[in-house]
Structure formats: C-alpha cells, structure tokens
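Written below as structure tokens is the structure these notes are about.
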Amino acid sequence: FSVLPMISVSSRLTTTPTIQYINTYRYHTDEAFKPIKDYFIDILRRKDYSIAGFLQVIQAVDGYWQRFKDEEYKRNNPEYAKRNKGHIEKEKEKEKEKEKEVSLKTALEKLVDEFNDIPIIKDLQFNYKSIINTRHHYSHLLKDGKKTNVMHEYKEFRSATKSLSALLVCCILEHLGVDKISIGNSLINASSHFLRPDNRDIELTIETNS
C-alpha cells in the first residue's frame with residue numbers, strides 16, 4: 001500500500017505490519033501533520049519547477065520544523081530558554097520574543113544534519129542564503145536588488161526544489177516512524193521527478209530485510 005503518494009511502503013520500507021498500521025493511521029489522523037501532508041501532495045502534482053513550487057516546498061519544510069522540532073530544539077539549547085519577563089515592558093517583551101525565534105537558516109541546518117547519514121541528503125548542496133533570500137524576495141514581492149543571492153533561473157529553482165523536496169520526504173517519513181535506511185531507499189526508488197535528486201543513482205551499502 002502507499003502511505004505517501006508515489007512512495008511505495010512495503011516490506012522494503014517498514015519492518016512489521018504493526019509499523020505499517022501505525023504509519024497509515026498517523027498519516028490519515030494527525031491533524032498537526034495534515035498541512036504538511038497536503039502541501040506535499042500538491043508538490044508531487046506539479047509538472048515544473050516554478051517559483052510557486054519552490055515557495056510551497058520551503059514553507060512545508062519550515063512548517064514541519066515549527067510544528068514538530070522547534071520546541072525540542074529550544075529545550076535542548078539554553079540560549080532559547082524563556083526568561084522571567086515579569087518586569088519587562090510589553091514592547092520590549094515582543095522584541096525579546098523575536099530574538100528568541102529559531103531562524104529558518106538554523107532550522108534548515110539542523111534538519112539537514114539530522115538526515116546527513118542518508119547518502120542522498122549527504123551529497124546534496126544546500127545554499128542556505130540563496131534559499132532564504134529567494135523565499136523572502138518572492139514571498140514579499142520585493143524589488144529586484146533589495147536582496148542579494150536570489151534565484152531567478154529555472155535551473156536554480158529546479159536544483160533547490162528537488163533538494164528541499166528530498167529533505168521534506170525525510171521529515172515526513174521520519175515523522176511516520178520509518179527508519180533512515182528505508183528513507184534513503186524510498187528516495188532512490190521514488191517515481192516522482194520531484195523526489196529524485198540529481199545524485200539519485202547513489203547506492204546504499206546497507207540493505208533492509210525484505
């Protein structure tokens with residue numbers, strides 16, 4: 001059966017029927033996960049690498065971080081711990097809260113690090129500055145030149161969207177309880193062009209049990 005569109009989840013991707021059941025159940029019932037799932041389905045249906053497609057996939061990756069990783073990261077990093085703000089004026093309090101937000105750059109770096117032992121992800125090149133500035137540029141329709149290192153060419157959007165889509169697949173499958181070797185296999189065997197990074201032909205040295 002298919003847990004994700006165009007990603008076959010069989011004995012190759014999961015180890016027991018119980019895990020398969022849990023994956024299917026969480027995929028269909030997790031309300032916090034639903035917006036990520038819906039974005040992912042829309043991404044797979046796209047036929048080209050447009051600005052809208054790039055914005056959708058980076059928003060989905062950012063949304064995954066905010067919904068499922070952000071609080072844990074802040075708990076484990078003292079610089080984001082909440083301070084006693086009882087005596088701080090409201091305006092200053094708002095500024096402090098902004099300062100304590102985890103940046104998109106940090107979120108991307110930590111997610112890439114988390115899945116860096118998956119061969120395809122390890123070999124991808126993520127230009128964080130370009131990804132972030134491009135998102136900001138097109139999300140707010142800024143004038144040209146206001147942000148540097150902004151993508152404009154089709155091949156740039158193609159490369160960034162494919163890399164971010166591969167990262168998004170890792171996030172989704174990890175959330176569903178799939179192990180990393182199986183996630184790597186799913187990227188190699190994916191039928192959707194959005195899930196086939198340019199280095200798709202890398203072979204895993206460890207095979208899962210059939």
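The values are calculated or read from the model by the stated rules, or taken from the named source; none is laboratory data. Not measured: the values here are computed from a predicted model. Quick reminder, even Gly has a Cβ in these numbers, built from the backbone with ideal geometry, and neighbours come from all protein chains shown. Only protein heavy atoms, including side chains, enter the accessible area calculation; ligands, DNA and RNA are left aside. Shrake-Rupley method; radii C 1.70, N 1.55, O 1.52, S 1.80 Å.
Brief remarks on what is shown
- Residue in the stretch 150-160 that is under 30 Å from N76 (Cα atoms) and either at pLDDT below 85 or not basic (K, R) (or both) present: yes
- Cβ pairs under 8 Å, 6+ apart, first in the stretch 114-125 and closer than 15 Å to S186 by Cα, second in a helix (DSSP H, G or I) and among the charged types (D, E, K, R): F115/E174; F115/K180; D117/K180; I118/K180
Results for (1) under 23 Å from C171 (Cα atoms); (2) touching an Asp or Glu at 6+ places or on another chain (Cβ under 6 Å); (3) β-branched (V, I, T), shown as yes or no for each residue.
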{"position": "K105", "(1), (2), (3)": "yes, no, no"}
{"position": "E109", "(1), (2), (3)": "yes, no, no"}
{"position": "I118", "(1), (2), (3)": "yes, no, yes"}
{"position": "Y138", "(1), (2), (3)": "no, no, no"}
{"position": "K146", "(1), (2), (3)": "no, no, no"}
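- Selection from the stretch 108-144 of residues that are open to solvent by 70 Å² or more (accessible area, probe 1.4 Å) and of a type outside the set (K, R): D113, D117, D123, Q125, N127, H136, H140, L141, D144
- Under the condition of being at pLDDT below 90 and open to solvent by 50 Å² or more (accessible area, probe 1.4 Å), the residues counted in the stretch 90-107 number 11.
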